[in-house]
Structure formats: structure tokens, C-alpha cells
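Notes follow once the structure below has been shown.
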Amino acid sequence: MNNCSVVLDSNNYLVDAGSGKKLSGTPEPTGALNSSELYRDGSQYILASENFSTAQSRRWVVFGYEDGRVQLRRIYIFSLDTSKQSGPYWHGYDCRPDSKPFPPPSGVPFSESAMQALCGDVEGDVVVVPIDPSVSVPSKSVGVSVPVYRARTRVGVATYVFAGSDEPNLPTVFCLSNCVSSPSEKTRSPAGNASPASSVSVSAKETCNPDSFTNPDLITCGQQSLEKVDAVLNDQYKKAMVSLSPADKKQLTDVQRKWVRFKETYCEEIYQSALPGAEAPIEKLACLARATNARLGELIYLQTGLPNDGFYKAASLMAGQDRENGLKASINLLGGVEFDDPVWKQYADAQCDMSFRMLREDLAYCAVRMRFQLPMNR
């Protein structure tokens, strides 16, 4: 990032580019399911944080930085949740500043301190704001109405549209109502005579009933199971990163990103193929859980050298006495038919390259073993 007065360094600290002084004593969150990037937009900066777990939360902290002083200008938060009635949906918050100065944060990441300054504890409850029916959302775009907070106090509702996208994406955002112009946000007059939308408060957590087989309860239980395996995966990723060399850390980060891309695209295809059936969100949650559990196994394998999916043991048992000829045939049988998805291939090739280099696993067998983990072609 050239000609910038502040940068995000390799350890995820926001740093004054001139003096090298950290803006916060704590780095931005890192892990298997988190990423942070810093962008410059004219005279301001955008710290974009994304969580790749089920919630898929996106947070954009917009701020100015001059002469060592931070001026908070806006925070946008968008998260994915699941409704028993309608399945996945996006909701969020729009937090705007008052005239108070923003003191340098200490003990928490910069983004968290900025959140507390402008938003307070708004993420404690999910607030769903329906889009007014008179507001026109372009085709192949997603619209989200969100509560607006100023200095931690709710002051209204704003509506945003992400043009040509089915999820919140900063470069495509434009505002339909209750807009405040900034370089990062295109504005447009509300369509028709839109009146303020009503809001509904929803409990952030629902109780899983394992004895129920209704679609709403299956969604709730599936969501909570996925959150648990997400958390375990994140912990395992951090443990793996600690034990790796700088070059291996870089490669693992690249593999992890390729896996996230595969997981999201593949499970979205599962979801779309099940629509308009009520089981569509259940199928997607199950897909995400299987993919996440399989990825967890890969991380454990890289750390221990011991695959925990039972693949090679099963192949050995199937081969019987004729190990020389039977083992290869058993491995190919267990792996099922070829899977030609290019996003999958990018992830599998990257993972197998790493397992070959670190553990000397046969590249061809590795790809088959990874197919065995996922019921994509059963």
C-alpha cells in the first residue's frame, strides 16, 4: 500500500507508516476463519475484517488518520444468520460517530475498540429490519435494512444494496435510504415514498431440541453443531500455525483460503439445488459441517502425520492378502469417481502439495483420500 500513513503489518497490527508506532497494542484477530485487510479510499482507510464461519460476518471500520490521530467515520457490520421459517438471511448495523475524539485503544484490537466507541454492544442481539416493500432492489442483488446507531444510541434505519452480488461486498455497496455520503459509499434517493421500516428483535440463540425432527429444529441443531466444529477448527489452525516455519505458515494460509472458497461455493450449490424445498438450509448446514470436519482432519494430519479418517486402514483391510495389487485398487474404490470441480481441485492440489512436502504422502493417493472425506460423489 503506497503513500499511506497507516498500514496493516504482517502480524496484523495497525502501524503508523512513518514512525512504526502501533495504533493498538493488540493485533487484529487471526485464525482459520478470520481475515483482515486494510484499504485506502481517498483520504480515508477501511479496515475490512471477515469471519468465514457459519455467520460469515463482515465488518468494515472506516477511519481517517492524520498527524498520529484517528478519526472514526463509520462502521458497517453485516452477518449471515438462519431463520427457522425462511432459511439464511443477512442482517447488520450501521454505526456513525459523534464529535468525541477517539483515544488510542489499549488491550484490545483496534477494530474492537472502534466498535465499542461507535456501536457499543449492538451485536449482543440480532435485530432484523425488514426492507420496506416500496424500496426497489435490483435483480441479482441483495438488499439489507439495518438499524443506525450514533454514539452507541439507536437513531433510525438505513437500507443498503449490494449490486450484482448475493452477499455484502464493500466495492458494490450503495445506499437507498438514510444515507450519509462518504467516498466508500454511493448514494441514491429512496425509491418511491418509503416510510421507516419497523424492526423486530430476535433472540441471538435458540435451544437445540435433539429429539425433534421438524425442519426448524433441525436447522437450529445443525447451526449449533456447525458453530462447535468451527470453533475446534479455529483452535487447531492456531496450534498448527505456532509449530510451522514462516514459509509453511504462508502456504497453510493459502491452502486455508482455497478451502474456504471451495466450502462456500460447493455448499451453496447444494443449497441452491435443494430449493425451493424447506430442507435446503438443512442440506447446506450439513454440507458445511462435513466440509469443516474434513478440514479439521487435514490440520491434525499435518501436525501429527496421522490421518484420522480411517482411509488407509480401510484400504488395507479391503486389499486383503494381495497387498501389492489390491491396495491401489482399494484406494481408488474408496475415493469414488473423479470430482472435476476446478475450485475443489485448487484446494486439493494445494493441500496435497503441502502433505507431500511435509509428510511425503503420495500425491495421487492424497487426492483420492480427500475425496473419501466428503460425500460429494456418493
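The values are calculated or read from the model by the stated rules, or taken from the named source; none is laboratory data. Since this is a predicted model, take the numbers as computed values, not measurements. Neighbour counts are summed over all protein chains in view; Cβ atoms, including those assigned to glycine, are modelled from backbone coordinates with ideal geometry.
Summed over the range 252-281, residues that are more than 19 Å from the chain's Cα centre (by Cα) and aliphatic (A, V, I, L, M) total 4. Taking the conditions (1) assigned to a helix (DSSP H, G or I); (2) at pLDDT below 70 in turn, P307 satisfies each one other than (1).
Out of A151, A163, A194, report the one residue that is modelled with pLDDT under 75, touching a Ser or Thr at 6+ places or on another chain (Cβ under 7 Å) and assigned by TED's automatic domain parsing to the domain that holds G120. Can you show your working first?
Details: A151 fails: touching a Ser or Thr at 6+ places or on another chain (Cβ under 7 Å); A163 fails: modelled with pLDDT under 75.
After ruling out the rest, the residue left standing is A194.
So in the range 223-248, with the set limited to residues that are in contact with a Cys (Cβ under 9 Å, 6 or more places away or on another chain) and in contact (Cβ under 8 Å) with a residue 24 or more places away in the chain, which one is farthest from S355 (Cα to Cα)? Walk me through how you get there before you give the answer.
Here is the first cut: in the range 223-248, the ones in contact with a Cys (Cβ under 9 Å, 6 or more places away or on another chain) are 223-225.
Subsequent filtering for residues that are in contact (Cβ under 8 Å) with a residue 24 or more places away in the chain retains 223, 225.
Working: Q223: 31, S225: 28 Å.
The qualifying residue farthest from S355 (Cα to Cα) is Q223.
Checked against (1) at pLDDT below 70; (2) under 26 Å from L233 (Cα atoms), Y347 passes all but a single condition, namely (1). Within the range 144-163, if we keep just the residues that are β-branched (V, I, T) and crowded, with 17+ Cβ neighbours inside 10 Å, the residue that is nearest to A114 (Cα to Cα) turns out to be V148. Looking across the range 58-96 at every residue that is among the β-branched types (V, I, T) and either at pLDDT 90 or above or farther than 27 Å from L285 by Cβ (or both), the one that is surrounded by the fewest Cβ atoms within 10 Å (Cβ to Cβ) is identified as I77.
Scan the range 233-253 residue by residue and report those that are of a type in the set (A, V, I, L, M), in a helix (DSSP H, G or I) and surrounded by 15 or more Cβ atoms within 10 Å (Cβ to Cβ). Lay out the reasoning, then the answer.
Initially, the range 233-253 is screened for residues of a type in the set (A, V, I, L, M), giving 233, 240-242, 244, 247, 252.
From what is left, the residues that are in a helix (DSSP H, G or I) are 233, 240-242, 247, 252.
Result: L233, A240, M241, L252.
Quick grid of which residues meet (1) part of a helix (DSSP H, G or I); (2) in contact (Cβ under 8 Å) with a residue 24 or more places away in the chain:
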residue	(1), (2)
V255	yes, yes
F262	yes, yes
C267	yes, yes
Q272	yes, no
A278	no, yes
I282	yes, yes
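Cβ-Cβ distances below 7 Å connect the following pairs, each with a first residue in the range 21-49 that is under 30 Å from A240 (Cβ atoms), a second residue that is part of a loop (DSSP other than H, G, I, E, B) and aliphatic (A, V, I, L, M), and a separation of six or more residues or different chains: T26/V108; L38/M1.
Within the range 132-143, can you find the residues that are at pLDDT 65 or above and either surrounded by 18 or more Cβ atoms within 10 Å (Cβ to Cβ) or in a helix (DSSP H, G or I) (or both)? Scanning the range 132-143 gives a single hit, V142.
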